[in-house]
Amino acid sequence: MSAITCFKAYDIRGQLGTQLDEGIAYRIARGFAQWLKPRKVVLGGDIRESSSALKAALANGLRDEGVDVLDLGMVGTEEVYFATFHLGVDGGIEVTASHNPIDYNGFKLVREGARPISADTGLADIRALAEAREYELVDGRDPNVADADRGSYELVDVREQYVEHLMNYIDPAAFTPMRLVVNAGNGAAGPAIDALEKAFADLHMPVELVKICHNPDGSFPNGIPNPLLPENRGITRDAVLKYQADMGIAWDGDFDRCFLFDEQGRFIEGYYIVGLLAEAFLQKERGARIIHDPRLVWNTVEQIEQNGGVAIQTKAGHAFIKERMRAEDAIYGGEMSAHHYFRDFAYCDSGMIPWLLVAELMCRKGKPLSELVDERIAAYPSSGEINLTVSDAPTVLRAIEDQYAPAALDVDYTDGLSICYADWRFNLRASNTEPVIRLNVESRGDIALMERETEKLVEAIKAV
């Protein structure tokens, strides 16, 4: 049987035509059903022009395995997560390539309770089952499956319930007048934003939304929605300044991540948002446990401990974060990559809950976002993630450890290599999917030291 090359560590994605098409989607759906043996599965898809056809192929594959399909239509990934746990079904699939190029697409899969499915929790088994057999299809269906044996198909809409759930994370009465620029990037976020806007109006919340790149459009006329790229941030920054907004929010294509801009139009690194969200939750539940990754830690740990919480470190990546959150009953987990996870959202990541909480925190404190983060940035300046192409990541890690570990106060291997000194620290880790090594450096209140040591590390890595 032919190999399927679009399986990754945490999801499925690949180039259309060469790695992924409707026939492959059909085989993956049948492999998913054979592995999970579900009765009902929810399906959703983002706005990419190929998503509807791929979703239809998944639906046919599931139905030919006797699975009932609930089609959510055009939704973001977290709406599939929500529907999976809210409706109590056995699994869910979102068709999305998120921030990848326009000629890509893919799938994010969950099982019951919106539990993640990754390479070590079923994805490899699904791949093997999908590769084990090809099907001769007629009109996208297996003609050997009788109509009576096929699963049912139903369009469902849970957006109203989803928005009701989101509103439970904030106190509408705490909001003071504010203007927010919201940039959906012509992705799937627009309809969800509209539904939230209606909820604000129904509750008489004094929140004005200025919408840019709002209408879903799979041709992405304003570029692929990926605010992590500096060249994609200007449109949000300019709108914040033009409309004198209190904050800007931009999303990636399936809106499982949001990116924040302060009232000066400045992009705020995800690291500092983790600390803010930890504080927001600890104001509601003192003593709660918060999960964080090891890439940048000092600011997060300090804000958690200052607000009476318990900081717990675990390996980066959604499967590891969600597993540890469940084990610790943690209220929140945050990664500097702008993935934020919430206990009451079935431990899943959301791109809508974070900005709602930050907006509420701004109102409660009566401070602009810049003031909330400036002190933290000054206290713990960081390099941001630096990606360096390498041919042999393990050799690089060993060489850097040999050079830097002897004088260190602490060496940690939770995720890659973390080396800590009195006034600065760094984390170096290999990518799971690319020939890249990722570097993060931070210091205690000394930006010049952080920049100097970052430069030395980059040179040392390149010299290996």
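The values are calculated or read from the model by the stated rules, or taken from the named source; none is laboratory data. Predicted model, so just to flag it, every value in this text is computed and none were measured. Every residue, glycine among them, receives a Cβ derived from its backbone with ideal geometry; neighbour counts consider all protein chains shown. Ligands, DNA and RNA are stripped out before the accessible areas are found, and what is left, the full protein with its side chains, is counted by its heavy atoms. Shrake-Rupley method; radii C 1.70, N 1.55, O 1.52, S 1.80 Å.
Of note:
- Placing unit charges on each Cβ (+1 for Lys and Arg, -1 for Asp and Glu) gives the chain a dipole about its Cα centre, and among Gly31, Tyr169, Gly185 the Cα reaching farthest toward its positive end belongs to Tyr169.
- Simple Cβ-charge dipole of the range 128-283, Lys/Arg +1 and Asp/Glu -1, about Cα centre, in debye nearest 20: 680
- Cα gyration tensor shape of the chain, rounded if a/c is under 1.5, else prolate or oblate by comparing a/b with b/c: oblate
- Cα gyration tensor category, rounded, prolate or oblate, for the range 157-263 with a/c compared to 1.5: oblate
- Antiparallel bridge percentage (DSSP; both residues within the chain; nearest 5): 55
- Protection proxy ranking, peptides 127-133, 207-213, average beta carbon neighbours within 10 Å, highest first: 207-213, 127-133
- Additional length obtainable on full extension of the chain from Ala379 to Ile102, 0.36 nm per residue less Cα span: 95.8 nm
- Rule-of-thumb Rg ratio for the range 360-424 [Cα; 2.2 N^0.38 Å; N residues]: 1.64
- Three-way shape call for the range 71-122 based on the alpha-carbon gyration tensor, with the a/c threshold at 1.5: oblate
- Lys-Lys pairs in the range 1-137 that are eight or more residues apart or on separate chains and whose Cα atoms lie under 17 Å of each other come to 4.
- Charge tally in the Cβ shell below 13 Å around Leu241, where Lys, Arg are +1 and Asp, Glu are -1, Leu241 excluded: +1
- On Cα atoms only, tilt of 270-284 relative to the major axis of the chain in degrees: 90
- Those residues of the range 74-110 whose amide nitrogen sits under 11 Å from the label point placed on Ala201, 7 Å along Cα→Cβ: none
- Placing unit charges on the Cβ atoms only, positive for Lys and Arg and negative for Asp and Glu, gives the range 298-444 a dipole magnitude near 240 debye about its Cα centre.
- Highest mean first, the peptides 183-193, 399-409, 365-375 sorted by other C-beta atoms within 10 Å per residue fall in the order 183-193, 365-375, 399-409.
- Whole-angstrom gap from the range 243-305 to the range 23-53, using each part's C-alpha centre: 33
- Selection from Leu241, Asn215, Val301, by position along the positive dipole direction of the chain (Cβ): Val301
- Overall Cα dimensions of the range 381-463 - principal axes, largest extent first, Å: 33, 23, 23
- Candidates Val110, Val95, Leu16 compared by Cα position along the dipole of the range 12-156: farthest toward the positive end lies Val110, with charges placed on Cβ.
- Helix 353-365 vs. the chain, principal-axis angle (Cα, 0 to 90°, nearest 10): 30
- The residues neighbouring Pro354, those whose beta-carbon lies less than 12 Å from its own, together hold a net charge of -4 under the Lys/Arg +1, Asp/Glu -1 convention.
- Of Lys198/Lys365; Lys315/Lys365; Lys284/Lys322, those spanning more than 23 Å from alpha-carbon to alpha-carbon: Lys198/Lys365; Lys315/Lys365
- Distance between the 7 Å Cα→Cβ label points at Leu229 and Asp402: 3.8 nm.
- Summarising the label geometry, the points placed 7 Å from Cα in the beta-carbon direction at Ser370 and Ser152 lie 5.7 nm from one another.
- Net +/- balance of residues flanking Gly106 in space, Cβ distance below 15 Å, scoring K and R +1, D and E -1: -3
- Packing-based order for 146-152, 53-59, 305-311, using average beta carbon neighbours within 10 Å, highest first: 53-59, 305-311, 146-152
- Among the protein heavy atoms of the chain, carbon and sulfur supply 47% of the accessible surface, probe 1.4 Å, non-protein parts ignored.
- Multiplying each eigenvalue of the alpha-carbon gyration tensor of the range 80-201 by 5 and taking the square root yields semi-axes of 36, 18, 16 Å, largest first, rounded to whole angstroms.
- Here the alpha carbons of the range 229-362 define both size measures, Rg and Dmax, at 14.5, 46 Å.
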